[in-house]
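What follows is a single structure, written as structure tokens, with notes after it.
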Amino acid sequence: MTLSCRTVFISDVHLGTRGCQAELLLDFIKTIECETLFLVGDIVDGWMLKRGWRWPQAHSDVVQKVLRLARKGVTVIYVPGNHDDRVRDFCGVHFGGVLVARDFIHVAADGKRYLVTHGDEFDGIVEKAKWLAYLGDYAYRTLLTVNTQWNTLRRRLGLGYWSLSAFVKLKVKNAVKFIDDFEHAVADEARRRGVDGVICGHIHHAEMREIDGILYVNDGDWVESCTAVVEHHDGTLEVVEWAKARGWSMLEREVRGAAPSGVLAFA
């Protein structure tokens, strides 16, 4: 199975954390063929680095796979987020074929122009009350721990991946309002920049909709929903829900014969 497209956008991978779904991401990267790959922030979780580091082999494999794509000629552009904000000190620099940029104007195949940004600048909590953002991050990680245990049980029952944390988040009224406010703020910035749309991450909620003439696109995350955005060769954009398309149960059946002792292994 190969997913051929022009451009891929992924964000909020949070390498270095327990909630990162690195194996699913590896499967996705292994499947795609693209000209350009955008890493739209929070790829490595620098906040967790301050509290304790968790870095299994699959997380290293993700980094190696991305660098391998760059060596093979794929244009890789890294737009840092708030969890990897230290990388913003290196905007304009190439690392192993990866270009670091504060934000980027992407021109699609159909000529439409999109602002690519992580989006944390439009989150008032991150910008004006960082202590509250850290507190929220702790609560969120607790929910992700429960989410991981939940999906471990589902995997043992032969069921596919389902995000309990995303379900809970979207049932909270304040969270829904926050998402709507964020989407309008990002769309307003795209309008100010004179572009046709915006592609971002940050809030871990994949979405594609028009907001007052601006196409708002969020590529989601790889800790809850395991989603990405792809640009097809004609310029159309699509949200890919990889967890639903593949799922843990399918992945384990495919690699059971190739991985020793039941360990997932990807090239």
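Considering region 1-51 alone, what residues qualify as being of a type in the set (Phe, Trp, Tyr) and either under 14 Å from the mean Cα position of the chain (by Cα) or farther than 21 Å from Arg86 by Cβ (or both)? Within region 1-51, Phe9, Phe28, Phe38 meet the criteria.
Only one of (1) surrounded by 18 or more Cβ atoms within 10 Å (Cβ to Cβ); (2) at pLDDT below 95; (3) under 24 Å from Phe104 (Cβ atoms) is not met by Ile10, so which one is it? Evaluating Ile10 over (1) surrounded by 18 or more Cβ atoms within 10 Å (Cβ to Cβ); (2) at pLDDT below 95; (3) under 24 Å from Phe104 (Cβ atoms) leaves (2) as the failure. When Gly41, Gly19, Gly46 are screened for being surrounded by fewer than 23 Cβ atoms within 10 Å (Cβ to Cβ) and closer than 18 Å to Ala101 by Cα, only Gly46 passes. Just need a number here: residues in region 49-84 that are in a helix (DSSP H, G or I) and either of a type outside the set (Gly, Ala, Ser) or buried (at least 20 other Cβ atoms within 10 Å of the Cβ) (or both). Here the count works out to 13. Whether any residue in region 98-119 is out of contact with any helix residue (DSSP H, G or I) (no Cβ under 8 Å at 6 or more places or on another chain), at pLDDT below 95 and under 24 Å from Ala185 (Cα atoms) is what I want to check. No, every residue in region 98-119 fails to be out of contact with any helix residue (DSSP H, G or I) (no Cβ under 8 Å at 6 or more places or on another chain), at pLDDT below 95 and under 24 Å from Ala185 (Cα atoms). Scanning region 38-48 for residues that are touching a residue at least 40 places away in the same chain (Cβ under 8 Å) and assigned to a loop (DSSP other than H, G, I, E, B) gives Val40, Gly41, Asp42, Ile43.
Within region 90-106, can you find the residues that are under 24 Å from Arg68 (Cα atoms) and surrounded by fewer than 16 Cβ atoms within 10 Å (Cβ to Cβ)?
Taking region 90-106 and keeping what is under 24 Å from Arg68 (Cα atoms), we get 90-104, 106.
Those that are under 24 Å from Arg68 (Cα atoms) and surrounded by fewer than 16 Cβ atoms within 10 Å (Cβ to Cβ): Phe90, Cys91, Gly92, Val93, His94, Phe95, Gly96, Arg102.
Inside region 1-37, residues that are in a helix (DSSP H, G or I) and closer than 20 Å to Asp234 by Cα make up a count of 1. Tell me, which residue of region 22-38 that is more than 14 Å from Glu224 (Cα to Cα) and among the aliphatic types (A, V, I, L, M) is surrounded by the fewest Cβ atoms within 10 Å (Cβ to Cβ)? For region 22-38, the residue satisfying everything is Ile32.
Note on region 1-35: among residues that are hydroxyl-bearing (Ser, Thr, Tyr) and free of Cβ contacts under 8 Å to residues at least 60 places away in the same chain, the one that is nearest to His202 (Cα to Cα) is Thr31.
The values are calculated or read from the model by the stated rules, or taken from the named source; none is laboratory data. Please read these numbers as outputs of a predicted model, since none were measured by experiment. Note that each Cβ is placed from the backbone with ideal geometry, even for glycine, and that neighbours are counted across all protein chains shown.
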